[in-house]
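As structure tokens, the structure follows; a few thoughts come after it.
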Amino acid sequence: MAVASELAAVFAYIDRNRDGFLARLVDYVRHPSISAYNVGIKEVAELLVGMLTGLGFDTKLMATSGHPMVLARWDKAADAPTVLLYGHYDVQPPDPVEAWVSPPFEPTIRNGRVYARGVADNKGQHLAQILAIESHLAVQGRLPCNVILLLEGEEEVGSPHIAEFVRANRDLLKADFVVTADGQLHASGQPSIKFGSRGIVEFELRARHANRDVHSGNFGGVVPNPLWTLVQLLATMKNDRGEITIDGLNDDIVPPTPEEREAAARLPLDLAEIKRTLGLLRLDEPAERAYYDRLCFYPTLTINGLHGGYGGPGTKTVLPHEAIAKCDIRLVEAQNPADILAKVASHVRRHAPEVECLSHGPGMLPSKTPLTSPYAEPIRRAILAARGVEPLLYPAGFGSLPGYAFTKILGIPAFVVPYANADAANHAPNENLTLDCFFNGIRTGAALLDEIGRQQRPNLAI
């Protein structure tokens, strides 16, 4: 694809500054910012404020009921569209630390990759956006379009305050559309555009019977076993055909359009390789359901953990007095976490009234942008200009991001454009980002700004 001279000059600047940009990445991910433990959050937020203020952005560190938001604006491109770039500066805890080859906050470059906690999720990806902005300013002295940067400090704990923040700051967040650089490329290495993300609700089921553990011989068959109580309850929630059987759970689902089903069917798939790498003999039921349909269009019920009784070496003939099941449900458009949790609680009361059902936060709504959105085409052209490859189009992302805050509260389209490699090991030991992905991310961010600047706002009606 031919690249305009202005963008070519920016690409050349990025190439000349690869070493310096890599050093900036290494320095950035050296700083812990673990939201779950409130470690380093304030320090990294202030680092970002200094970085963005230095680029000429009107930057604020804005308080929430939890960790602060970093909000930065550059709005000097008259009549050009405004893009809101969302990311998050908080990271997952590094545990188990002993499983890391090199310490999680001592970034190490090995075999063309930077290894560090947060390098792919999400510091390396939003830093690529910032460096794309910096490159345009260095070469052109201005940006081709208006830009708002919103960097959150609580994404890794479920973004509990983003909806409240967005509602309170609508005027400061007024944009034409949103792009989030997060997630991973397809396993083939192909870039992608994701038109939404699944929501999530998390809950815990807790069964207690006796006031202490007892001997399974002396009391087995007399004292109810809370593990059996939970196993039997869980069996009423999903059948052996893979269907979730909680009453009303599917009532509000918006079925995919024919265009969305076609887009999912076009996504490349090497099912044999996926099964080989995961050591699988089969997929989950229902067996006839298409692979990407499962991930884009259907909710899931996952037992994250089932705990109770004895799990140590050898045997212990104990009858436990307490058992816990931790679960999540991934939601699709237009399911609502509060409604789904109420339906779960109702199901528990009907089938096992002794069991407590406890929620873990408000959950996260799904988000969805139509494949036909006019904002998709400039994003596609930007990826093609930066990478020389057509992006894959995902009707929805598989994980959960707070895109709903933009689509449902601000009422604007929101897209996810991943920059990280498919094997980035997000949330796991030895998280990494390849150098190629990092520099391609900077190029993509630069091309995105250039392409948006070539659009006229009236031609991109929401």
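The values are calculated or read from the model by the stated rules, or taken from the named source; none is laboratory data. Predicted model, so just to flag it, every value in this text is computed and none were measured. Cβ: placed from backbone, ideal geometry, glycine included. Neighbour counts: every protein chain shown.
Only residues that are surrounded by 24 or more Cβ atoms within 10 Å (Cβ to Cβ) and aliphatic (A, V, I, L, M) were counted across the stretch 149-172, and they come to 3.
Given the residues Val49, Val39, Val29, which is the only one that is surrounded by 21 or more Cβ atoms within 10 Å (Cβ to Cβ) and aliphatic (A, V, I, L, M)?
Numbers: Val49 fails: surrounded by 21 or more Cβ atoms within 10 Å (Cβ to Cβ); Val39 fails: surrounded by 21 or more Cβ atoms within 10 Å (Cβ to Cβ).
None of the others qualify; the one that does is Val29.
Within the stretch 390-416, being surrounded by fewer than 24 Cβ atoms within 10 Å (Cβ to Cβ) and out of contact with any strand residue (DSSP E or B) (no Cβ under 6 Å at 6 or more places or on another chain) holds for Glu390, Phe398, Gly399, Lys408, Ile409, Leu410, Gly411. Glu202 meets the conditions (1) touching a Gly at 6+ places or on another chain (Cβ under 8 Å); (2) within 30 Å of Phe57 (Cα to Cα); (3) not polar (S, T, N, Q) in every case but one. The failed one is (2). Entry remark, the stretch 397-413: residues being among the hydrophobic types (A, V, I, L, M, F, W, C) and over 24 Å from Tyr298 (Cβ atoms) number 3 in total. Just one of the listed residues (Ala334, Ala396, Ala345) is more than 30 Å from Ala12 (Cα to Cα), touching a Cys at 6+ places or on another chain (Cβ under 7 Å) and not assigned by TED's automatic domain parsing to the domain that holds Pro160, and it is Ala345.
Given Gly312, Gly248, which one is at positive phi, surrounded by fewer than 14 Cβ atoms within 10 Å (Cβ to Cβ) and over 25 Å from the mean Cα position of the chain (by Cα)?
Checking each option against the conditions leaves just Gly248.
Going by the structure shown, is Arg349 surrounded by fewer than 18 Cβ atoms within 10 Å (Cβ to Cβ), out of contact with any helix residue (DSSP H, G or I) (no Cβ under 7 Å at 6 or more places or on another chain) and modelled with pLDDT of 95 or more? When the stated conditions are applied, Arg349 passes them. Scanning the stretch 12-45 for residues that are in a loop (DSSP other than H, G, I, E, B) and of a type outside the set (A, V, I, L, M) returns Asn17, Arg30, His31, Pro32, Ser33, Ser35, Tyr37, Asn38, Gly40. The residues of the stretch 284-306 that are loosely packed, with under 15 Cβ neighbours inside 10 Å and over 30 Å from Pro256 (Cα atoms) amount to a single one, Gly305.
Picking from residues in the stretch 176-204 that are charged (D, E, K, R) and either more than 14 Å from the chain's Cα centre (by Cα) or not in a strand (DSSP E or B) (or both), the one that is farthest from Ala342 (Cα to Cα) is Asp176. The residues of the stretch 54-87 that are charged (D, E, K, R) and part of a loop (DSSP other than H, G, I, E, B), listed by number, are Asp75, Lys76, Asp79.
Using the structure shown, decide if Ala265 is outside the structural domain of His186 (by TED's automatic domain parsing) and under 30 Å from Pro391 (Cα atoms).
In short, yes.
Condition check ((1) among the basic types (Lys, Arg); (2) touching a residue at least 12 places away in the same chain (Cβ under 8 Å); (3) closer than 30 Å to Pro391 by Cβ) across all residues:
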site	(1), (2), (3)
Ala163	no, yes, yes
Ala168	no, no, no
Lys194	yes, yes, yes
Glu243	no, yes, no
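Does the stretch 205-223 hold any residues that are surrounded by fewer than 16 Cβ atoms within 10 Å (Cβ to Cβ) and either part of a helix (DSSP H, G or I) or not aliphatic (A, V, I, L, M) (or both), and which are they?
Within the stretch 205-223, Asn211, Arg212, His215, Gly217, Asn218, Phe219, Gly220, Gly221 meet the criteria.
Among the strands (runs of 3 or more DSSP E) confined to the stretch 390-442, the ones with at least 1 residues that are more than 23 Å from Ser159 (Cα to Cα) and touching a helix residue (DSSP H, G or I) at 6+ places or on another chain (Cβ under 9 Å) are located at 392-394, 432-434.
Tell me which residues, restricted to the stretch 331-359, are within 13 Å of Ser400 (Cβ to Cβ) and part of a loop (DSSP other than H, G, I, E, B). Matches in the stretch 331-359: Val332, Glu333, Gln335. Please tell me if Ala376 is of a type in the set (A, V, I, L, M, F, W, C) and assigned by TED's automatic domain parsing to the domain that holds Leu249. Judged against the criteria, Ala376 is not a match.
If the condition is being basic (Lys, Arg) and closer than 30 Å to Ala264 by Cα, then the stretch 191-247 contributes Lys194, Arg198, Lys238, Arg241. Taking every residue in the stretch 53-79 that is surrounded by 14 or more Cβ atoms within 10 Å (Cβ to Cβ) and pairing it with any residue that is of a type in the set (Gly, Ala, Ser) and assigned to a strand (DSSP E or B), at least 6 positions away or on another chain, the pairs with Cβ-Cβ distances below 6 Å are Phe57/Ala72; Thr59/Ala72. The residues in the stretch 251-283 that are surrounded by fewer than 14 Cβ atoms within 10 Å (Cβ to Cβ), closer than 30 Å to Ala345 by Cβ and either in contact (Cβ under 8 Å) with a residue 12 or more places away in the chain or touching a strand residue (DSSP E or B) at 6+ places or on another chain (Cβ under 9 Å) (or both) can be counted, and the count is 2.
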